[in-house]
């Protein structure tokens with residue numbers, strides 16, 4: 001079983017394709033179950049964000065697993081497989097682990113070093129665990145990736161090299177709205193549509209920017225009200241989606257980040273709302289699929305920033321090369337440690353089976369001794385037993401230690417096979433030990 005990553009992101013696909021491929025929160029469980037029903041998939045996790053859709057799976061074979069996963073993605077997105085394949089990337093085994101660690105560290109994000117991906121990975125893991133599609137391999141890989149991602153942000157200062165998508169959107173909005181009397185967002189009126197983590201982040205940053213008012217809108221108004229209560233020090237109120245048009249008539253800035261399947265802001269809606277206003281309006285659409293009809297950006301006095309335009313801005317940004325180099329170095333070392341531990345873990349069941357076989361032989365011979373010498377002094381028997389076990393332990397010490405050392409450098413598999421052959425170890429014994437370890441690990445989570 002090996003890790004297989006299949007996905008598409010802002011690096012490999014246009015926003016229009018990502019929109020269709022994205023997996024809404026309500027459908028994640030269904031997609032996970034479809035993946036687990038596949039012949040070659042043993043574990044699965046889906047990561048769907050505003051700029052990537054990825055499947056992390058533990059598969060029995062590369063080609064079989066790839067075919068299974070791409071079929072599910074094609075059905076989910078309603079995109080023909082040959083068309084979807086043009087935008088997919090694939091990482092297998094060690095390359096899959098490397099990709100996961102880079103994603104967790106924010107080094108594969110649209111905004112380099114953005115920390116929000118850690119929360120998104122945690123949420124994806126929780127959804128997969130709830131669906132029962134996470135096993136030992138994905139559990140260990142994800143937990144290690146989260147730890148590495150957190151360490152990169154803590155130890156390298158890469159956060160200074162990048163920013164969140166929200167930060168970049170607000171910087172773009174401030175530049176578009178800038179005037180001689182208002183060079184930034186201070187005093188502006190903002191509307192945030194959505195109530196998730198990105199909306200929360202947007203509201204917090206708007207509050208720090210000194211806006212005059214924040215209006216929160218969401219399909220569930222109670223969620224918007226809860227978010228409004230967090231905007232201490234800034235006037236904030238909540239409205240339902242039916243109140244958005246009225247707010248648009250006076251807003252300077254709109255941030256859209258819902259999980260809706262269809263657009264929540266239409267050209268007609270903005271036209272009606274701005275019919276009596278000549279002030280500029282900036283709309284930032286941070287959702288995938290889009291929350292705003294693209295034609296909104298063609299309206300007079302309206303500037304639209306979406307993930308495509310923000311991506312172009314980010315390509316032109318300078319970054320802190322020292323922090324990035326340090327982050328890559330750290331990740332390279334963490335990948336080496338993880339893969340080494342995994343290789344050693346793979347040989348452990350065989351080593352354990354070998355020691356169990358030796359213990360069974362010793363116990364059998366001691367029973368024969370008891371039968372042949374029933375009157376043997378107890379102290380003598382105990383000393384004989386200790387002596388025999390010490391001899392066996394010394395004979396097994398070198399081969400078992402050596403096979404683990406060889407596993408650490410990636411050359412242990414042939415020697416594991418040799419041990420099984422030379423000592424006539426039943427493969428089922430090693431499999432049973434592995435299953436016991438897996439059950440123990442699963443029960444401890």
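The values are calculated or read from the model by the stated rules, or taken from the named source; none is laboratory data. Quick caveat, the model's predicted, so the values are computed rather than measured. Methodologically, a virtual Cβ is constructed for each residue, glycine included, from the backbone with ideal geometry; neighbour enumeration extends over all protein chains shown.
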- Message: I'd like the full set of residues that are out of contact with any helix residue (DSSP H, G or I) (no Cβ under 6 Å at 6 or more places or on another chain) and within 19 Å of residue 312 (Cβ to Cβ), limited to segment 9-45.
- Response: 9, 11, 12, 13, 14, 16, 17, 18, 19
- Query: Given the structure, is residue 272 outside the structural domain of residue 15 (by TED's automatic domain parsing) and without any contact (Cβ under 8 Å) to a residue 40 or more places away in the chain?
  - Reply: yes
- Going by the structure shown, is residue 137 in a loop (DSSP other than H, G, I, E, B), touching a residue at least 40 places away in the same chain (Cβ under 8 Å) and more than 28 Å from residue 313 (Cβ to Cβ)? no
- Query: Considering segment 148-184 alone, what residues qualify as being loosely packed, with under 15 Cβ neighbours inside 10 Å, in contact with a helix residue (DSSP H, G or I) (Cβ under 9 Å, 6 or more places away or on another chain) and at pLDDT 90 or above?
  - Reply: 150
- Message: Test of understanding: among 100, 84, 88, which residue is in contact with a helix residue (DSSP H, G or I) (Cβ under 6 Å, 6 or more places away or on another chain) and under 26 Å from residue 148 (Cβ atoms)?
- Response: 100
- Message: Anything in segment 302-311 that is within 19 Å of residue 11 (Cβ to Cβ) and at pLDDT 85 or above? List them, or say none.
- Response: 306, 307, 308, 309, 310
- Message: residue 299 - would you say it is modelled with pLDDT of 90 or more, surrounded by fewer than 17 Cβ atoms within 10 Å (Cβ to Cβ) and closer than 30 Å to residue 194 by Cα?
- Response: yes
- Message: If I filter segment 185-199 down to residues being closer than 19 Å to residue 165 by Cβ and surrounded by fewer than 19 Cβ atoms within 10 Å (Cβ to Cβ), which single residue comes out as farthest from the chain's Cα centre (by Cα)?
- Response: 196
- Unmet criterion (only one of (1) over 24 Å from residue 145 (Cβ atoms); (2) out of contact with any helix residue (DSSP H, G or I) (no Cβ under 9 Å at 6 or more places or on another chain)) for residue 66: (1)
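If only one of 366, 396, 307, 354 is within 29 Å of the chain's Cα centre (by Cα) and touching a residue at least 12 places away in the same chain (Cβ under 8 Å), which one is it?
307
Yes/no per residue for (1) in contact (Cβ under 8 Å) with a residue 40 or more places away in the chain; (2) in a strand (DSSP E or B); (3) under 30 Å from residue 20 (Cα atoms); (4) not assigned by TED's automatic domain parsing to the domain that holds residue 170:
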{"position": "185", "(1), (2), (3), (4)": "yes, no, no, no"}
{"position": "190", "(1), (2), (3), (4)": "yes, yes, yes, no"}
{"position": "198", "(1), (2), (3), (4)": "yes, no, yes, no"}
{"position": "208", "(1), (2), (3), (4)": "no, no, no, no"}
{"position": "243", "(1), (2), (3), (4)": "no, no, yes, no"}
{"position": "247", "(1), (2), (3), (4)": "yes, no, yes, no"}
{"position": "258", "(1), (2), (3), (4)": "yes, no, yes, no"}
{"position": "261", "(1), (2), (3), (4)": "yes, no, yes, no"}
{"position": "277", "(1), (2), (3), (4)": "no, no, no, no"}
- Note on the structure: Considering segment 312-354, residues that are in contact with a helix residue (DSSP H, G or I) (Cβ under 7 Å, 6 or more places away or on another chain) and modelled with pLDDT of 85 or more, and then whichever is surrounded by the fewest Cβ atoms within 10 Å (Cβ to Cβ), we arrive at 326
- Task: Within segment 262-279, track down each residue that is touching a strand residue (DSSP E or B) at 6+ places or on another chain (Cβ under 7 Å) and under 26 Å from residue 201 (Cα atoms).
- Result: 263, 264, 265, 270
